[in-house]
1. Can you tell which of ILE144, ILE31, ILE170 shows the greatest fluctuation in a Gaussian network model of the chain with Cα springs below 10 Å?
2. Tally up the carbon and sulfur contribution to the accessible surface of region 116-235 as a whole percent, 1.4 Å probe, everything protein left in place.
3. Could you work out which residue, out of ASN145, ASN82, ASN111, moves most in a Gaussian network model of the chain, that is, has the largest mean-square fluctuation with Cα springs under 10 Å?
4. Which percent, to the nearest 5, of DSSP beta bridges fully inside the chain are antiparallel?
5. Heavy-atom accessible area of ASP104 with all protein chains present, probe 1.4 Å, nearest 10 Å²?
6. Can you give the percent of C-alpha pairs in region 80-155 whose distance is more than 19 Å?
7. When the helices in the chain are scored as -39500 (n - 2.57) per DSSP H run of 4 or longer and the sum is shared across all residues, what 222 nm value do you end up with, to the nearest 500 deg cm²/dmol?
8. Taking 8 Å as the Cα distance limit and 6 or more residues as the minimum spacing, I'd like the relative contact order of the chain as a percentage.
Amino acid sequence: ISGSTFAVFVDYFRPTIRVAALAELNRVSYILTHDSIGVGEDGPTHQPVEHTMSLRNIPNLLVFRPADALETFYCFKTIMKNQKNPSAILLTRQKLPKLNISEDKIEEGVNKGAYILHGEDNPDAILFASGSEAHLAVEICNEINKKIQIINLPCWELFEKQDKKYFSSIMNSNCRKRISLEAGITTGWQKFTGIDGLNIGINEFGESAPGKDVAKHLGFVKEKITTLIQDYLDE
């Protein structure tokens with residue numbers, strides 16, 4: 001059973017999602033599109049900022065934010081195999097390129113909720129991202145003269161259910177510099193970045209303008225984010 005609307009309108013049927021999670025209704029999925037300020041000219045009333053994180057706060061709900069078309073396919077495949085949880089899948093308005101990794105790695109990574117998108121031996125920092133920001137993370141890391149390991153997190157809830165060995169391999173306790181990147185509020189990412197981490201997101205409402213213009217106005221663009229990360233790494 002599926003229902004679909006803009007992500008921002010999830011507020012109108014949040015009690016329904018909560019009951020589905022409470023009743024453990026598997027194979028119930030909510031397809032939520034236009035998942036960020038990229039929705040553009042419709043303005044702040046249609047631009048979800050706090051909604052992704054609010055969904056992650058519902059117990060027993062799996063929240064997926066895929067980074068490309070193939071990852072979206074495997075998110076749906078994972079949803080269909082699940083026997084306990086309802087799910088929400090958040091999709092962008094804008095077109096996204098394909099991830100430059102193997103299909104097998106994407107499938108395994110989605111099943112486990114998180115995976116190494118770009119690996120480095122003894123990294124200087126770990127950057128956590130989801131959805132469309134996974135591509136932005138790769139672009140930014142190519143601009144920075146540091147070894148940064150990128151972790152793509154399509155589903156927090158599945159990742160947190162993994163065994164200690166896999167969880168530790170992703171979290172890499174030897175690396176202290178940690179960054180999160182997502183087009184939404186930053187509250188919540190501290191569970192991965194710690195209190196000394198750098199959490200980059202959008203902690204205010206958007207504006208009415210084309211999506212790229214809104215991102216520039218809010219400082220959520222490659223040039224600005226690259227500077228923030230470089231300054232953090234140089235501390």
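1. Maximum among the listed residues: ILE144.
2. Working: 2790 of 5940 Å².
It is 47 percent, rounded to a whole number.
3. Looking only at ASN145, ASN82, ASN111, the largest GNM fluctuation is found for ASN145.
4. Restricted to the chain, the bridges split so that about 10 percent are antiparallel.
5. That residue has around 120 Å² of solvent-accessible surface.
6. Values: 1157 of 2850 pairs.
Cα-Cα pairs in region 80-155 separated by more than 19 Å: 41 percent.
7. Numbers: 10 runs with 84 residues, N = 235.
About -10000 deg cm²/dmol.
8. Details: 470 pairs, mean separation 52.3, N = 235.
In percent, rounded to a whole number, it is 22.
The values are calculated or read from the model by the stated rules, or taken from the named source; none is laboratory data. Remember, predicted model here, so these are calculated numbers, not experimental data. In this analysis, Cβ positions are derived from the backbone assuming ideal geometry, glycine residues included, and neighbour counts consider all displayed protein chains. These area figures cover heavy atoms from the full protein model, side chains too; ligands, DNA and RNA do not enter into them. Shrake-Rupley method; radii C 1.70, N 1.55, O 1.52, S 1.80 Å.
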